[in-house]
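K.L.:
Let me begin by handing over the structure; questions about it come next.
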Amino acid sequence: MTTEIRQAYLLAAERAVQLLAAKEVARCWEEESVLPGMSVGGLAGHLARSVLQVEWFLDGQVLGAEPVSPVRYYARLVGTSVPDSALNVGVRARSEETAAAGPTVVGEQAQAAWQRLARQLDKEPADRRVAILHRPGEEMLLDGYLQTRCVELTVHLDDLALSVGARCPAPEAALAVAVDVLVAAARERHGDQAVLHALARRERDVDQALLVL
């Protein structure tokens, strides 16, 4: 399982690096993206962080806390659909901070990080942990964290490609990981009955149970 997750992540990260280097992204950098309140540059910065952060988190100090599962990582989120929630304000701020370097630098940084990770990840043990730096004191197993990055990469590859009129589909392996994680998070957050309604009886889907992000 470790090999499959890491390979799925690297494929998605490579696709993100390719899109970040596209001339359409640089040309539209200051324009609004398909996500209200976020520029194309900010969205590109957010996408790039799913490559850059893996290295940052690998370098973080691990203290031995109980690791958070990828399902729990998403199931506990609140305010995902509220533009001015603390969650979304924080995401936009971190994304714009990364984007401030400009499209060329962001693209080069993401490419260099992906190249290093392609050499490093297969050397990391299955029980390797990483520190979740934006949640001080929290840790995840590396493979669990990479599953969350598959979610972020596949979702925001689609967002960024649509924003700039490019075609850049996410790899099937990463999409499968992302769907598995998000459906499991929906089940934990709302329960199986609500998820069943969302899948088979939309008229009874009062909780919008599959809308995790």
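The values are calculated or read from the model by the stated rules, or taken from the named source; none is laboratory data. On a predicted model such as this, the values are computed, not experimentally measured, just so you know. Because the Cβ atoms are built from the backbone with ideal geometry, glycine has one as well, and the counts that use them run over all protein chains shown. Note: areas computed on protein heavy atoms with side chains; ligands, DNA, RNA excluded. Shrake-Rupley method; radii C 1.70, N 1.55, O 1.52, S 1.80 Å.
K.L.:
Expressed as a whole number of Å, what is the distance separating the alpha-carbon centroids of region 158-180 and region 70-131?
P.N.:
16 Å
K.L.:
Which is the longest run of the chain containing none of the trypsin sites (Lys or Arg not before Pro) found in DSSP loop states (not H, G, I, E, B) with at most 11 other C-beta atoms within 10 Å?
P.N.:
77-166
K.L.:
How big is the dipole moment of region 129-213 about its Cα centre under a simple scheme where the beta carbon of each Lys and Arg is +1, that of each Asp and Glu is -1, and everything else is neutral? Debye, nearest 20, please.
P.N.:
80 debye
K.L.:
Roughly to the nearest percent, how much of the accessible area of region 119-213 is carbon and sulfur, given a 1.4 Å probe?
P.N.:
Summing carbon and sulfur atoms, their accessible area is 51 percent of the total for region 119-213.
K.L.:
Now, a different point. Between Ser39 and residues 5 or more places away or on another chain, which pairs have amide H atoms under 5 Å apart, with H built 1.01 Å from N, and which residues are they?
P.N.:
Ser33
K.L.:
Also, I was wondering about something else. Probe 1.4 Å, all protein chains in place: accessible area of Thr3 in Å², nearest 10?
P.N.:
Roughly 100 Å² of Thr3 is accessible to a 1.4 Å probe.
K.L.:
Relative to the compact-globule scaling 2.2 N^0.38 Å, provide the ratio for the alpha-carbon radius of gyration of region 1-129.
P.N.:
Against the empirical 2.2 N^0.38 Å value, I get 1.13 for region 1-129.
K.L.:
Then there's this: Where the only charges are on Cβ atoms (+1 Lys, Arg; -1 Asp, Glu), what is the dipole of the chain about its Cα centre, to the nearest 20 debye?
P.N.:
Around 120 debye, computed over the chain.
K.L.:
Using only DSSP helix segments of four residues or longer, with each worth -39500 (n - 2.57), what per-residue ellipticity at 222 nm results for the chain after dividing by its residue count and rounding to 500?
P.N.:
Only helices count here, giving -20000 deg cm²/dmol.
K.L.:
Right, next: Name the long-range amide H neighbours of Arg129: under 5 Å, sequence gap of 5 or more, or other chain; modelled H, no Pro or chain starts.
P.N.:
Leu142
K.L.:
Within the chain, which is the longest segment containing none of the GluC sites (Glu not before Pro) that sit in a DSSP loop and have at most 12 other Cβ atoms within 10 Å?
P.N.:
In the chain, the maximal stretch lacking such sites is 32-213.
K.L.:
Right, next: From the alpha carbon gyration tensor of region 73-197, can you work out the equivalent ellipsoid semi-axes (sqrt of 5 times each eigenvalue) and give them in Å, largest to smallest?
P.N.:
Equivalent ellipsoid semi-axes, largest first: 25, 21, 17 Å.
K.L.:
Name the residue farthest towards the positive end of the dipole of the chain from the options Gln208, Leu160, Gln147, assuming +1 on Cβ of Lys and Arg, -1 on Cβ of Asp and Glu, about the Cα centre.
P.N.:
Selected residue: Gln147.
K.L.:
If you project the alpha carbons of region 168-213 onto their three principal axes, what span does each projection cover, largest first, in Å?
P.N.:
34, 19, 16
K.L.:
Averaged over every viewing direction, what's the projected area of the C-alpha convex hull for region 56-134? Give it in nm², one decimal, please.
P.N.:
Reported value for the Cα convex hull: 6.9 nm².
K.L.:
So what is the accessible area of the chain per residue, in Å², with the probe set to 1.4 Å?
P.N.:
51 Å²
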